[in-house]
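Notes follow the structure.
The values are calculated or read from the model by the stated rules, or taken from the named source; none is laboratory data. Being a predicted model, the structure only gives us computed values, none of them experimental. Note: ideal-geometry Cβ built from the backbone for every residue, glycine included; neighbour counts use all protein chains shown.
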Amino acid sequence: MFYKYGLLIFIGVTAGIIVAAGIFTFITLIGVLTRLAVRTNTANRINLYEDLVVLGAGIGNVVLLFKINIPFGMVGLIMFGLFSGGFVGCLAVALEEVLQVFPVLTYRIKLKFGIPIIVLSLAIGKGLGSFYQLFFSD
């Protein structure tokens, strides 16, 4: 019986490590952290940024896995939402830059102006959708 549970634990842990490695490889590949470090003139602290992302993901996984209540109240929830939204926004922008979606889109629909408004509308829509899902959906 012990071997069965040991094997299940081993498979679960290794599968988690593989998925996490894939996600961090994706984030590194599109260059989110590198772009942020270059734009903020803090490229000498890139190792710190990478360590903080791994630490945040690890702590987030533990909190979600073991359903730990974090006693920061509404202020903590708002800060978490702002930081998470900022990171997701940076991730989306970096992915868009890598894929170069908007140049192809604007060429095909012959769009001459209004691209910042479209990007802002997409971001606001994503934010409102996330807000609705968090507070109003079951």
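Could you please find all residues in region 1-21 being within 22 Å of ALA92 (Cβ to Cβ) and either among the β-branched types (Val, Ile, Thr) or loosely packed, with under 10 Cβ neighbours inside 10 Å (or both)? Residue satisfying the conditions is VAL19 alone. Identify, please: which residue in region 32-64 is exposed (fewer than 12 other Cβ atoms within 10 Å of the Cβ) and not in a helix (DSSP H, G or I) and is, among those, nearest to the chain's Cα centre (by Cα)? Among those residues, the one meeting the criterion is THR40.
Against the conditions (1) modelled with pLDDT of 85 or more; (2) in contact with a Leu (Cβ under 6 Å, 6 or more places away or on another chain), PHE10 satisfies every one except (2). Only one of the listed residues (ILE68, ILE78) is surrounded by 11 or more Cβ atoms within 10 Å (Cβ to Cβ), among the hydrophobic types (A, V, I, L, M, F, W, C) and at pLDDT 80 or above. That residue is ILE78.
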